[in-house]
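Encoded as structure tokens, the structure appears first; notes follow it.
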Amino acid sequence: MELARFPLQRIALRVAEGIDGTLLVIILALSMLGFAALFSASYDNPGRVLNQLVSLGIALSAMWVAAQITPQTLMRFAVPAYVLGLALLVAVALFGDVVNGARRWLNLGVARFQPSEMMKLALPLMLAWYFHRREATLRLRDFALGALLLAVPVALIVRQPDLGTAALVGAAGFYVIFFAGLSWRVMGTLAALGVVALFPLWGMLHDYQRRRVLTLLDPTQDPLGAGYHIIQSTIAVGSGGISGKGWLKGTQAHLEFIPERHTDFIFAVYSEEFGLIGNFVLLVLYALLIGRGLVISANAATVFARLLAGSVTLMFFTYAFVNMGMVSGILPVVGVPLPFLSYGGTALLTLFIGAGVLMSVQRHRKLVQT
């Protein structure tokens, strides 16, 4: 019996190699809360839970693979991944499938693929590689070229149109530029220019996008149309009270008042059933996830690894902040899932690969001298 255990032990050690235990526990805890909310939200279609389990298995495998790849190897893939992502976005603009008025998907025959998801990791990879190469002679023009590298894919995604994904991709790229040393003076100037640009940009928005912004200001203007999502989700969040109505007892979800309750609005289902206490637990887990990611970034061995880890970490923050703000009625409704909780295989895969990248950076971190 003792001899039989050794091969299993070696296999277990090999599987655990490169995996950051703290990070894994946090994201699995978030995933379990997601399954609890998804089970309740999918009472009319229990097959979604099984599909999400399969997606979780695939995502965990992808995370393990990413954790085994060294940051130096990731750096070699930065330029090819970025160029391939741009090529796929151009292909979407030319040949993509149109679904609900948006051209976001490429039909591969056996499945559909959304290239904009790829850019959530390819763009930070590219920018981290670029600023790593420019570290010794970094000037303002380098930041300008970095901004151009960011603007091209974001513009292609906005054109689809997909403002939610464009915001996530743009934020992931901006975090790299910020961590690379962009001065506060430049950021203040850019913020002022952004405010000035709001007026011409307003005219460039699609009608449904303008309605989303106006609905944020006053959702009661169209309570059965554009304002319906926000009104129902805020009712669900507020009706949870301190301790919630209890698991599987949420009336807003089970009476089908909450639209997209298993994807973008799963936070409303969770809040109604688990209340303020449940939300506090969720926020603590997200805070631990972000804190762990920032520690990994601070201990990274190279500029490339530090910038990439910082961007991935704050990408998790952006996902959570935008989704919770959207469901709570303080941000416009955009298609941003709640990380590790919302139903959907593509987003889950992207998030777990990001976690794998953090584990790779942690595994190859520099030694702290005392």
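Results, tabulated for the structure shown:
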| item | result |
| --- | --- |
| Viscosity 1.002 mPa s, 20 °C: Kirkwood-radius Stokes-Einstein D of region 223-282 over Cα pairs, µm²/s | 194 µm²/s |
| Volume of the Cα convex hull of the chain, divided per residue and given in Å³ | 186 Å³ |
| HN-Hα J in Hz across region 141-150 - Karplus 6.51, -1.76, 1.60, θ = phi - 60°, x for Gly and Pro | 5, 5, 5, 5, 5, x, 5, 5, 4, 6 |
| Computed helical MRE - 222 nm, the chain, DSSP H runs ≥ 4 contributing -39500 (n - 2.57), nearest 500 | -24500 deg cm²/dmol |
| Descending Cα extents along the principal axes, region 80-204, whole Å | 47, 36, 17 |
| Cβ-placed point charges (K, R +1; D, E -1), dipole of the chain about Cα centre in debye, nearest 20 | 1080 debye |
| Sequence of TYR175, TYR343, TYR270 once ranked by neighbouring C-beta atoms within 10 Å, starting from the fewest | TYR175, TYR343, TYR270 |
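All of the numbers you see were taken from the coordinates with simple rules; none came from a lab. Since we're looking at a predicted model, the values are computed, not measured. Every residue, glycine as well, gets a Cβ built from its backbone with ideal geometry; the counts of neighbours run over all protein chains shown.
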